[in-house]
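Comments concern the structure below.
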Amino acid sequence: MPPSLLRNVNPALLTGESVGPESMSDSGHVLVAQLGSEVASALSSALERVNALATSGKISRKSLRALRNELELARRVGIMGQQLTRLAAGKVRQSAECIDLTGTLRDVLQQHRREMESRGIEVHQALGPAKVMADPTLLFTLLHALVDWSAEHAKAPVEYRIDLTQWPVRAFLACSFWHVPQDRLDSLPGEVGPSKGLETMSWRLFEHVAAMMSLPLRVEDTPGRAHRVVEFSHTVNEPTLAHPEREDGDSLKVNSKPLAGSHLLVLAARRETRTLVRDAVRHMGLMVDFVTTVEECREFCQGGLPHAIAHEGSLGGDKFEQLRRELLADVPGLVFIAIAEQGKGYEARGRGRAYASVSRDALVEALPAALMFELSRQR
């Protein structure tokens, strides 16, 4: 069984050694302190901008964008803390499945494309084909944490690589980027080791999910450049994994929060609808955000796409349909669920998987079922 997830960074990471879950230690108060520090830092900077706005009555577009980024960072750090808490509670049990690692990473990068573009970050992909045995939910959380971490720190293009060794067959996922501007590289000390300032909550989440999945990590940073590698030893073409039922039964249990790490955006003008949705998905481990207009929904998606959008049927007019077409052009698998005033629970509408509907009267029962079905198809 994996040890508690709430612990500080493994000292082996600091020397570039391989890391396994059995060697990680320390209590959760270290992470709690870091969580508070990162949230406070982001909010303090945002408060300074708000105070300047209150004094002058003006704010530039650049400062407004920075304010939004600071508030978004504080929000994300808080969400990562919630995810770590859920993992530490031991309610997520792994269920090994054969997963296309390459395709999943491409999907995650597509989900983050708008965010990367808004930050001016290019993404370079050198992804060889690889399939692994892993829990789908944890793998999804792992990859999102990696992309969040790289987007937070990169000052130049980010490179993602997936390579396979011949024998023993292993898949390696590497992420590399410059975290220092090129014009400052000459002033950096020449020591090789883990880069300072990169062990933020996004990395902590990645590190702890990797430990839970028993995935060794390596830190191979050089001055000004981060280079992290995670090894997937359970590849589908390894003979010992042809019979996954032989694994330790304790590590292959039903996932009590199967959508933990997934992100639902709710477009609802009425407070009672938002309350119903919140109550319906409370037990599912979802991250949930709410907007009240199509314009707010569009603006929210410009900063990063959720995995699913649920909307009141009354708001599904021409403006929403235009937005839906634009988003599906970016991510064809993006889930849309309409909340209809009338109906019979969960229904599929339109062609393909682009449209589903749940009745408002049966929302508490129908929405979780719809999300489970639609998001499982997305993955």
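The values are calculated or read from the model by the stated rules, or taken from the named source; none is laboratory data. Values in this document were obtained by computation on a predicted structure and should not be read as measured data. A quick note on method: Cβ atoms are made from the backbone with ideal geometry, for glycine too, and the neighbour counts reach across all protein chains shown.
If you filter the stretch 116-148 down to residues that are within 15 Å of residue 307 (Cβ to Cβ) and without any contact (Cβ under 8 Å) to a residue 60 or more places away in the chain, you find that the one that is surrounded by the fewest Cβ atoms within 10 Å (Cβ to Cβ) is 147.
Is there a residue being among the hydrophobic types (A, V, I, L, M, F, W, C), assigned by TED's automatic domain parsing to the domain that holds residue 131 and not in a loop (DSSP other than H, G, I, E, B) anywhere in the stretch 90-99? Checked against the condition, which is being among the hydrophobic types (A, V, I, L, M, F, W, C), assigned by TED's automatic domain parsing to the domain that holds residue 131 and not in a loop (DSSP other than H, G, I, E, B), the stretch 90-99 yields at least one hit. Just wondering, is there one or more residues in the stretch 227-243 that are modelled with pLDDT of 75 or more, closer than 27 Å to residue 72 by Cα and acidic (Asp, Glu)? Checked against the condition, which is being modelled with pLDDT of 75 or more, closer than 27 Å to residue 72 by Cα and acidic (Asp, Glu), the stretch 227-243 yields no hits at all.
When the stretch 306-324 is filtered for residues that are among the aliphatic types (A, V, I, L, M) and farther than 11 Å from residue 335 by Cα, the ones remaining, listed by number, are 315, 323.
Note on the stretch 139-166: residues that are under 12 Å from residue 202 (Cβ atoms) and charged (D, E, K, R) total 2. The number of residues in the stretch 284-333 that are within 23 Å of the chain's Cα centre (by Cα), in a helix (DSSP H, G or I) and free of Cβ contacts under 8 Å to residues at least 60 places away in the same chain comes to 11. Only a single criterion out of (1) out of contact with any Cys (no Cβ under 6 Å at 6 or more places or on another chain); (2) in a helix (DSSP H, G or I); (3) surrounded by 14 or more Cβ atoms within 10 Å (Cβ to Cβ) is not satisfied by residue 54, namely (3).
Could you tell me whether the stretch 144-155 includes any residue that is assigned to a helix (DSSP H, G or I), modelled with pLDDT under 80 and either out of contact with any Pro (no Cβ under 8 Å at 6 or more places or on another chain) or over 23 Å from residue 196 (Cα atoms) (or both)? If you could, list the steps in order and put the result at the bottom.
Residues of the stretch 144-155 that are assigned to a helix (DSSP H, G or I), as a first pass: 144-153.
Okay, now just the ones that are also modelled with pLDDT under 80, so none.
No: the stretch 144-155 contains no residue that is assigned to a helix (DSSP H, G or I), modelled with pLDDT under 80 and either out of contact with any Pro (no Cβ under 8 Å at 6 or more places or on another chain) or over 23 Å from residue 196 (Cα atoms) (or both).
Filter the stretch 150-174 for residues that are in contact with a Leu (Cβ under 8 Å, 6 or more places away or on another chain) and free of Cβ contacts under 8 Å to residues at least 60 places away in the same chain and give the result. Please lay out each step first, then the result.
Going residue by residue through the stretch 150-174, those that are in contact with a Leu (Cβ under 8 Å, 6 or more places away or on another chain) are 152-153, 160-162, 170-173.
Matches in the stretch 150-174: 160, 161.
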